[in-house]
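Heads up, the thing below is written out as structure tokens.
Read-outs throughout are calculated quantities, based only on the coordinates presented, and are distinct from any laboratory measurement. Just so it is clear, the structure is predicted and the values come from calculations on it, not from any experiment. Quick reminder, even Gly has a Cβ in these numbers, built from the backbone with ideal geometry, and neighbours come from all protein chains shown.
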Amino acid sequence: MTAPLTPPHQPSSHEPWQTPQKGGGPGGSHPRNLLESPEERDLRTDLRRAGIVCVAVTVAGFALGLLWLWLAPRVPLISDNTAVFLSDSEGEEAVGADGTFALLALAFGAVSAGLAFLFHRRGGVVLVVGLAVGGVLGSVLAWQMGTRLGPTDDVVAHARAVGKGVIFDAPLVLHAKGALLAWSLAAMAVHLGLTAMFGPRDPEPEWGVYHGPGGAPVYRPAPSPGAGPVAGPEAGPPSSPEPPAGS
């Protein structure tokens, strides 16, 4: 009597009712990944990239706030112990502060869009939305940072502290709130232009010649690999099978 080929404690590899291995098979892939379509995986990747871009752009608002605080012109004020007046009534420093913020935001938007396109050639609408949201959040952060780190907004207390006839700086104020959208608008425009010029292109279908009714040639895109036969009135009748040899 011979011993069995398969030990009792080890199941045969040909047993059809074995318990599946832990980890989803030889590849160790999760069942959810096996059921997930390529479109869902691409969408998840695009959302992750857009989130990273949004956070990075928002954090860059700190740099915008510091630059605005440094480069924005100051509005000079003076006090006579009874009221506070503009030291230069014809000055345009207040408008200059708004213009400085807008120009800096436009530059930050162009740079952020260029970097996002450089690191993520794909992303589409989701990535652009991440840029736009991050631009608004970064602009708001820069605005609040510049106003809080700048001269105090308590003008009366500041005038009393410096004394009569001494010129001091007014608080940094952003009058044109529309400048908060400059970053997002510049980022979307630059990213759209870069995508149109240097973005990936979909492959164009190859054109084939088919014979329609009456033998007239019909030009149409060739079917993709794995696609079914061309249907339609232009496809022509199916070819008859060749007779067997010797018939």
Low-density loop cleavage sites - chymotrypsin sites (Phe, Trp or Tyr not before Pro) in the range 81-141, where at most 16 other Cβ are within 10 Å (DSSP): none
Mean Cβ neighbour count within 10 Å, used as a protection proxy, ranking 190-197, 137-144, 71-78 highest first: 137-144, 71-78, 190-197
Approximate spin-label separation VAL156-PHE62, in nm, with each point projected 7 Å along Cα-to-Cβ: 3.6
Length released on extending from PHE85 to ARG48, taking residue separation times 0.36 nm less the Cα-Cα span: 8.1 nm
